[in-house]
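The values are calculated or read from the model by the stated rules, or taken from the named source; none is laboratory data. Bear in mind that the values here come from a model prediction, so they are computed numbers and not experimental data. No Cβ is skipped: glycine too gets one built from the backbone with ideal geometry, and neighbour counts run over all protein chains shown.
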Amino acid sequence: MAKRILAMLLVAVLALSLAACSGGTDTSESASDSTTSGDTSTGSEDSGEVDLREPELVTLDIVTMASGKEESGITQVEEAMNELLEEQFNVNVNLTFLPFGSYADQTTLMLSSGEGVDLIAVYMVPYASCATTGQIMPIDDLLEEYGQGIIEELGWDMINCGRVDGELYGLTQGRDLAASEGFVYRLDLAEELNLDMDSVKTLEDLEAVLKTVKENTENVWPVAVSAGENIRNWGWDALGDEMINLGVLPDMAQDTTVVNLYETDQYKDLVTTMYNWMQEGLIQADAVNTTETASTLTEAGTAFGYFTNLKPYYAEENNANLQNKIGVVDNMVPALATTDRVTMGLWSISGSCEHPEAAMKVLNALYTDPEVANLYMYGVEGTHYEVVEEGTITNGQDRINYPEGLDATTTTYRKSGTWLCPNQFIGDIWGLDLPDDYWDATRDFNNESQKSAAFGFSFDATQTPNEIAACTNVVNKYHKALVCGALDPEETLPQFNQELKDAGIDVIIEEKQAQLDAWLAEQA
Amino acid sequence: MKARTTKPRKWLRFYRCIPLYLMFLPGALYLLMDKYLPMTGLIIAFKRVNWRKGILASDWVGFSNFTYLFKTKDAFTITRNTILYNLCFIVLGTVFAITIAILLNEITSRKMKQVYQTVILLPYLISIIVVSYLVFALLSSETGFINNTVLKAFGAEPISWYTEPKYWPFILVIVHLWKVFGYDCILYYATLVGIDQGYYEAAVIDGANRWQQIWNVTIPNLLPTIITLTLMAIGKIFYSDFGLFYQVPMDSGPLIDVTSTIDTYVYRALTTLNDIPMASAAGVYQSVVGFVLVLLANWGVKKVGGEENGLF
């Protein structure tokens, strides 16, 4: 009897371990019979003769952000991408999309466990600490060898922003790399209420408009917030982490003295305005707790608008996907280019990636091969989009739109969060509203925006880890709630700053100033 | 001679017990895998972990991962919260559960008894995420029942519940009690049912009224159960119900001072700082202080209630 039980247990253990093994090694197809190198139609790749194919079929997990909707079209896109990538590199991809609301949490856990991630857009998690703890790997050599196309696309100025302690860990995207701050609102309501949105230039102007909205509508919040975050930046350079702003250059960042943002008048004025607005019911009452994004609420009709960072043709770009069309109050804070803006989303190779070369090759394709990039960003032609005008865009690509009968809510591969994809500039343009030279206009915007005095400087946070950890806890307690207007600044700000002092913010500011001064001396 | 006889006998005993050992094996393995193996992870708290080098090869940094805990009053706050909330839960929870158990016992209709038992057990079976939204439905400033109906009826100003820390100690205790009392009271009720009816008959003959019966018969009979359950709860006093403290306040920043316990602190440290060594440091702190507390509690119980009442 006992023997039989033992035997059964052993069988069970064996079966389990076998299952585990077969799950791990997924190299089913061999690549023996393929001598032809990949079809090197990939524009700027200068390794035409070299066989870039991996000796064995490699599967890479690619992680980025999108809407939280369940998307059935992903498999189809994977298949189409695999067809291209298998021929060129003998690589298959596994696409993972995470929603905005949980992106930071989920990617943190992914990166620390190293599971299910090879290529990832590091966004809203402390990039530098990912780098120093080895969660993502240094890519200088890989970039030199397999990423010449990327270098050509981005340029060293932008690439260098991603350095931590002199080493490169992540690549910024082809997207808007500066940002102006402003307000997005629903056109239908503005028209219905006869609001003169063109004359709105400041928060005071906006306040008057919002009050009209409040008075004349029911169950519509004048201002909605995204997952508890109302305004991320209002014209300062956070010199590091925009989520916590420990030691910043305030007031459009032209002076190189690092100060505590939470003690500045700029911050106090902003949160006082927000507090007054909350008191008057202009801001979504449950702002602190909401897990929805403001754009969802606006689209659903329960909000009038929201604050966001802007770029040229913001409304036109988004309206292609919206039922409730939006308008924009731009330049409430003029465009500012900061290192953070460039590094806010970076494509990195995870520290646990077993095939970094393959990952860099795929990344290079995503930056340089319009076919691959379009697939990844917009899906399969004919299924997820159809071509409206062929080749009219100034980069030679097509103008595309939803196919007959599909829209933003019914599509199975939603075009959202494409700004975080590696390179929009080589791809198609979605919708009928954007001009043909939209990508060029964005490039110009990047080049012409006012630059922070510390543009290019990245803070090395590893010198003061304890102070940063302690201060982060304090900031998480107050900052978002203050900017939502949920806390009275008269009471809270002094307390907030006292706790920051106790947690050692002065040490961080001193260290930041020293590093910045050294960097400035180097530049001169 | 003697050795020759004992050896086979010992072997025989072992042989006979093999099924029992096998039955014990899964539990032991589980304990080993779930409780003891993870302890090796303690070293993370003393290292500057670089995942590319691996945990073992990373540099040792002594206690520097712990400094941030004690830089602010974080360590104090989370320790205070964890212990005070749990003490409150133990005391109020026991009183509440016993009261309900006695009340249940007084119900004579079999059918009604079953109905009540089911109804009070239901909250225990609801997922904490659902509970957090039930609470939100009550407290939301926009659509909440309390702000829009209850306070309005009294003509009171609406309260922004999720930004006012002062109410939350009460809210959390109420939510906790509501959720667990049904389950706790089952244990007491089971003991109550087991009390020999003879005691009650004797008490009635002596002229005891209902109240006196409860006080002099029921409570003394319940005492061993109360002591065991309380001791077990004290053993876990340094561990908090993550769902209750993280989900129910909806991770609201302004509430952190009163809702942060060690478990939620470790989780937040992990997700917002993305720093596993520091998060582990908070975990080690929890284990060490928890260990000391259990020893102290056990020592205290033995001192007061005699050797046989201690857990070990």
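Assorted remarks:
- Residue selected from region B:136-147 under the condition in a helix (DSSP H, G or I) and within 11 Å of another protein chain (Cβ to nearest Cβ), by the criterion nearest to B:Phe242 (Cα to Cα): B:Phe136
- In region A:313-327 there is no residue that is hydrophobic (A, V, I, L, M, F, W, C) and over 23 Å from the mean Cα position of the chain (by Cα).
- Just one of the listed residues (A:Ser34, A:Ser17, A:Ser22, A:Ser67) is small (Gly, Ala, Ser), modelled with pLDDT under 50 and part of a loop (DSSP other than H, G, I, E, B), and it is A:Ser34.
- Scan of region B:57-83 for residues that are hydrophobic (A, V, I, L, M, F, W, C) and without any contact (Cβ under 8 Å) to a residue 12 or more places away in the chain, ordered by number: B:Ala57, B:Phe70, B:Phe76
- Picking from residues in region B:47-85 that are among the charged types (D, E, K, R) and farther than 30 Å from A:Gly134 by Cα, the one that is farthest from the other protein chains (Cβ to nearest Cβ) is B:Arg80.
- Any hit, region B:86-108, residues being within 14 Å of another protein chain (Cβ to nearest Cβ), at pLDDT 90 or above and under 20 Å from the mean Cα position of the chain (by Cα): no
- Of residues in region B:88-119 being without any contact (Cβ under 8 Å) to a residue 60 or more places away in the chain and surrounded by 15 or more Cβ atoms within 10 Å (Cβ to Cβ), the one farthest from B:Arg210 (Cα to Cα): B:Tyr116
- Among the residues making up region B:271-301, those that are under 18 Å from B:Thr72 (Cβ atoms), assigned to a helix (DSSP H, G or I) and facing another protein chain (nearest Cβ under 7 Å) are B:Thr272, B:Leu273, B:Met278.
- In a residue-by-residue description of region B:249-266, the property of being surrounded by fewer than 17 Cβ atoms within 10 Å (Cβ to Cβ), at pLDDT below 85 and touching a helix residue (DSSP H, G or I) at 6+ places or on another chain (Cβ under 9 Å) applies to no position.
- Residue in region B:28-43 that is surrounded by 11 or more Cβ atoms within 10 Å (Cβ to Cβ) and either part of a loop (DSSP other than H, G, I, E, B) or within 11 Å of chain A (Cβ to nearest Cβ) (or both) present: no
- Residue list for region B:236-270, filter: in a loop (DSSP other than H, G, I, E, B) and within 19 Å of B:Ile128 (Cα to Cα): B:Tyr239, B:Ser240, B:Asp241, B:Val248, B:Pro249, B:Met250, B:Asp251, B:Ser252, B:Ser260, B:Thr261
- Condition check for A:Gly431: at pLDDT below 90, within 27 Å of A:Val225 (Cα to Cα) and more than 9 Å from chain B (Cβ to nearest Cβ): yes
- Test: residue in region B:215-228 that is within 15 Å of the chain's Cα centre (by Cα), modelled with pLDDT under 85 and surrounded by fewer than 19 Cβ atoms within 10 Å (Cβ to Cβ): yes
- Counting only helices (runs of 4 or more DSSP H) wholly contained in region A:408-524, the ones carrying 3 or more residues that are touching a residue at least 60 places away in the same chain (Cβ under 8 Å), crowded, with 16+ Cβ neighbours inside 10 Å and not assigned by TED's automatic domain parsing to the domain that holds A:Met377 occupy A:465-483, A:489-503, A:505-523.
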